[in-house]
Amino acid sequence: MQYYIGDIVKINRPFMGEPAGTKAFVYEEYDFGEGHGVSLITENGEDLGGFSEEEQKNFLEKVGKSSLNYEFVSVMRLANDFRQGYFAEAFAEFK
């Protein structure tokens, strides 16, 4: 399955201190070689960074597509946007 900016995913196993079942927002897509990677921020505000296609298969499950279209600029901006509640509505759509 391919994920896109705005998708809400569920982490199926504990990852970087986040428990299984935590939801995350896909805030970035990137291509590397023949692969398609995505970067995630959790509903708790943890930036999990990038997931390769293999990691996506092993750790992620799509919950749905949010109505939020996010343009990633930097990790500092991402953290600030989260603190200001920018992603709250996207996560609320899938509570």
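The values are calculated or read from the model by the stated rules, or taken from the named source; none is laboratory data. Just so it is clear, the model here is predicted, and its values are computed rather than measured. Virtual Cβ from ideal backbone geometry, glycine too; neighbours counted across all protein chains shown.
Brief remarks on what is shown
- Candidate set from region 8-38 (those that are hydroxyl-bearing (Ser, Thr, Tyr) and buried (at least 18 other Cβ atoms within 10 Å of the Cβ)); member that is nearest to Tyr70 (Cα to Cα): Tyr27
- Test for Asp31: is it acidic (Asp, Glu) and either modelled with pLDDT of 95 or more or touching an Asp or Glu at 6+ places or on another chain (Cβ under 8 Å) (or both): no
- Of everything listed in (1) modelled with pLDDT of 95 or more; (2) touching a strand residue (DSSP E or B) at 6+ places or on another chain (Cβ under 7 Å), the single unmet condition for Asn80 is (2).
- Out of Tyr27, Tyr3, one residue alone is within 23 Å of Glu93 (Cα to Cα) and touching a Gly at 6+ places or on another chain (Cβ under 9 Å). It is Tyr27.
- Scanning region 56-71 for residues that are in contact with a strand residue (DSSP E or B) (Cβ under 7 Å, 6 or more places away or on another chain), touching a residue at least 60 places away in the same chain (Cβ under 8 Å) and surrounded by 16 or more Cβ atoms within 10 Å (Cβ to Cβ) gives Lys65, Ser66, Tyr70.
- The number of residues in region 57-75 being under 18 Å from Gln2 (Cα atoms) and out of contact with any Gly (no Cβ under 8 Å at 6 or more places or on another chain) comes to 8.
- Residue count, region 47-88 (criterion: in a loop (DSSP other than H, G, I, E, B) and out of contact with any Asp or Glu (no Cβ under 6 Å at 6 or more places or on another chain)): 12
Yes or no, residue by residue, for (1) over 16 Å from Gly85 (Cα atoms); (2) basic (Lys, Arg); (3) assigned to a strand (DSSP E or B):
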residue	(1), (2), (3)
Tyr4	yes, no, no
Val9	yes, no, yes
Gly21	yes, no, no
Ala24	no, no, yes
His36	yes, no, yes
